[in-house]
1. About the Cα centre of the chain, what is the dipole size in debye to 20, counting +1 per Lys and Arg Cβ and -1 per Asp and Glu Cβ, all else neutral?
2. In nanometres, what is the gap between the two model label sites at Asp148 and Ala99, each 7 Å from Cα along Cα-to-Cβ?
3. Using each residue's phi in region 81-92, evaluate 6.51 cos²θ - 1.76 cosθ + 1.60 at θ = phi - 60° and report the 3J(HN,Hα) Karplus result to the nearest Hz, with x for Gly and Pro.
4. Along the positive direction of the dipole of region 3-126 (beta-carbon charges: Lys, Arg +1; Asp, Glu -1; about the Cα centre), which of Pro118, Ala70, Ser36 reaches farthest?
5. Quick one: which residues, 5+ away or cross-chain, put their amide H under 5 Å from the amide H of Glu82? H built at 1.01 Å from N.
6. What is the set of long-range amide H partners of Thr142 at a cut-off below 5 Å, with H atoms built 1.01 Å from backbone N?
7. Rank Ala217, Ala32, Ala230 by mean-square fluctuation in a GNM of the chain with C-alpha springs under 10 angstrom and give only the top-ranked residue.
8. What is region 11-91 by shape, rounded, prolate or oblate, if you read a ≥ b ≥ c off the alpha carbon gyration tensor as root eigenvalues and call it rounded for a/c under 1.5, prolate for a/b larger than b/c, and oblate otherwise?
Amino acid sequence: MTWRYALIIDPVAAGVDAIDYASTFRAVDPSAPALSIGELSTQRGDGIFESIGVVDGHAQEVGPHLERLAHSAALCDLPAPELTQWRQAIDRVAVECQAGECVIKLILSRGVEHGPTPTAWVTAAVAPDNSAARTTGVRVVTLDRGFDSGAPARAPWLLLGAKTLSYAVNMAALREARRRGADDALFVTNDGVVLEGPTSSVILRFGDRFVTPEPGAGILHGTTQMSLFAHLRDLGHDTAYETVPVSMLADADAAWLVSSVRLAAPVSSLDATPLSIDEDFTAALNAYLLRPRE
Ligand code: PLP
């Protein structure tokens, strides 16, 4: 990991009226220890995060990422983040990412055990080279997520729509996908409904129609998927949020796993069945995603 910058934030409560939050930021050496031993983010994964793509110094889709940070905070009973403070921290860190692609991470932790306040920090690092995934695509296997499609409504404490720091399950799914000879996974419920990738949303193409699973299905509402849907509608395509049964996957003309840093990765095979890749169309999607987006 090539770090560019790290900033510890003293998080203020939402609504605290300040114009300049610079005094609440403290730059730290990203490769040196900086967190307390009692951090609940490291002890329990008890916190939330966002990963924001940065292209030539421009942090992409900051508004939607901050909205999702606030949504995750609400689901996790964390204090509402003051979004102006976070936006200023992102601006400060993005300055360190002028050339090429980087990733900015926002982290809001429950804080130190028995401590009074949450802790928060923002980092910037060079993004990995994702050009192969964006062109030749990713081989994907479906994996059982271990719950049924009623679980999100029945058990909100599973925090299924929140981007929490508890990603051990997501990382285990990626390792399982690799064990099965694939590059990535697509989670499905145990009653056969398509969800999302462990670190991405899925978009399926049926002719001129683009479909993604409904956000209420127990998945994250992806900022990249939302941005691509707006773009596809501008191009005159139909877009829809639907309940997608696993049986529908076989009828898709194409599919992409989309996320903020890797962008649009075409699916080259699904459960070992080849899927065609429209190279020009995919390149156009990624060109759109690489342009500055608010
Ligand atoms: N779903 C999950 C589980 C993710 O971890 C991510 C991104 O990391 C996404 C979807 C895609 O979200 P975004 O497009 O905002 O990066």
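Laboratory data are not the source of any read-out in this text; all were calculated from the coordinates shown. This is a predicted model, so every value here is computed, not measured. For neighbour counting, all protein chains shown are included, and Cβ atoms are generated from backbone atoms with ideal geometry for every residue, glycine included.
1. Numbers: 23 positive and 36 negative charges, 109 e Å.
With only Lys, Arg, Asp and Glu charged at Cβ, the dipole is about 520 debye.
2. 5.7
3. Once θ is set to phi - 60°, the couplings for region 81-92 become x, 7, 5, 5, 4, 5, 4, 5, 5, 4, 4, 5 Hz.
4. Toward the positive end, the furthest listed residue is Ser36.
5. Val12, Ala14
6. Hits under the 5 Å cutoff: Leu186, Asp271.
7. Ala32
8. On the way: a/c = 1.29, a/b = 1.13, b/c = 1.14.
Rounded, since a/c falls under 1.5.
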